[in-house]
Each structure stands twice: as C-alpha cells, then as structure tokens.
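One structure is given below, encoded as structure tokens.
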Amino acid sequence: MMPELEKYWHAVQNTVCKVCIDSDPYGNGICRVSEMSMCGVKEYFPKIVNIILSIKSDKMDDYILALRENICKECRETPAGVCELRNSVECALDRYFPLIVQAIESVNK
C-alpha cells in the first residue's frame, strides 16, 4: 500500500475492521476473508479514498452514488445496476460504507 494511504487504512482498520463480521471474533480487526475472495474494501481502497476525499457533502447519498458509479460498476454490478453480493448483504464495502466514510474523513479533521 502506498505510504500516503497508510493513515487512511489504519483509520479504517480501527473503525471498520474491528466490527466487521469477517474479522476475528475478538475485535482485533484481523480479516478472515480468504485471498481467493479478497475483501472489497482492501481491493478498491485507493479508489475509495479518492472518492471520499473528492466529495464534500452532508448527505451520505452523495457518497453512495459515487461508490456505485466508480466502483460497483467495475466490480460485480450488472449493467442493470444489480449486484448479488450487495443484495445478499455479502459486500463489506457496501455494508460498512458509512463507517468507512467516517473513518477516512476523520483523518483530516
């Protein structure tokens, strides 16, 4: 991971990974997602940071729209806007996105 992203990654690990259902059961934030099915948060992290830092809004909907347009479309979302991972609440990025936004924005406060 690039050094300029490290501070954001640590904030996400301390806020999101510790409560993620895919982390160890002791709240240590140790990811149990296998290498074969990479965590969407980790896989798209540089793009996530860029998206969040480029938006200045009090509305989470603005962040979610940017997520859908910039990441979901290139991940598993169909041209019709359907994502089976998201629909079955299996996408950690979608599930924890408000916390991810909060964690990243807290770094620059």
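The values are calculated or read from the model by the stated rules, or taken from the named source; none is laboratory data. Fair warning: this is a prediction, and the values are worked out from it, not measured in the lab. Neighbour counts are summed over all protein chains in view; Cβ atoms, including those assigned to glycine, are modelled from backbone coordinates with ideal geometry.
Table for the structure above
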item	result
Residue satisfying all of: in the stretch 61-81; part of a loop (DSSP other than H, G, I, E, B) and among the β-branched types (Val, Ile, Thr); farthest from residue 103 (Cα to Cα) among these	78
Residue check, residue 2 exposed (fewer than 15 other Cβ atoms within 10 Å of the Cβ), within 15 Å of residue 101 (Cα to Cα) and in contact (Cβ under 8 Å) with a residue 12 or more places away in the chain	no
Residue match in the stretch 25-43 (condition: among the aliphatic types (A, V, I, L, M), surrounded by fewer than 17 Cβ atoms within 10 Å (Cβ to Cβ) and touching a Phe, Trp or Tyr at 6+ places or on another chain (Cβ under 8 Å))	no
In the stretch 72-100, the residues that are aliphatic (A, V, I, L, M) and surrounded by fewer than 19 Cβ atoms within 10 Å (Cβ to Cβ)	80, 82, 85, 89, 99
Qualifying residue in the stretch 82-89 (condition: part of a helix (DSSP H, G or I) and either at pLDDT 95 or above or among the small types (Gly, Ala, Ser) (or both))	no
Subset tally (residues that are under 14 Å from the mean Cα position of the chain (by Cα), assigned to a helix (DSSP H, G or I) and at pLDDT below 95) for the stretch 31-60	4
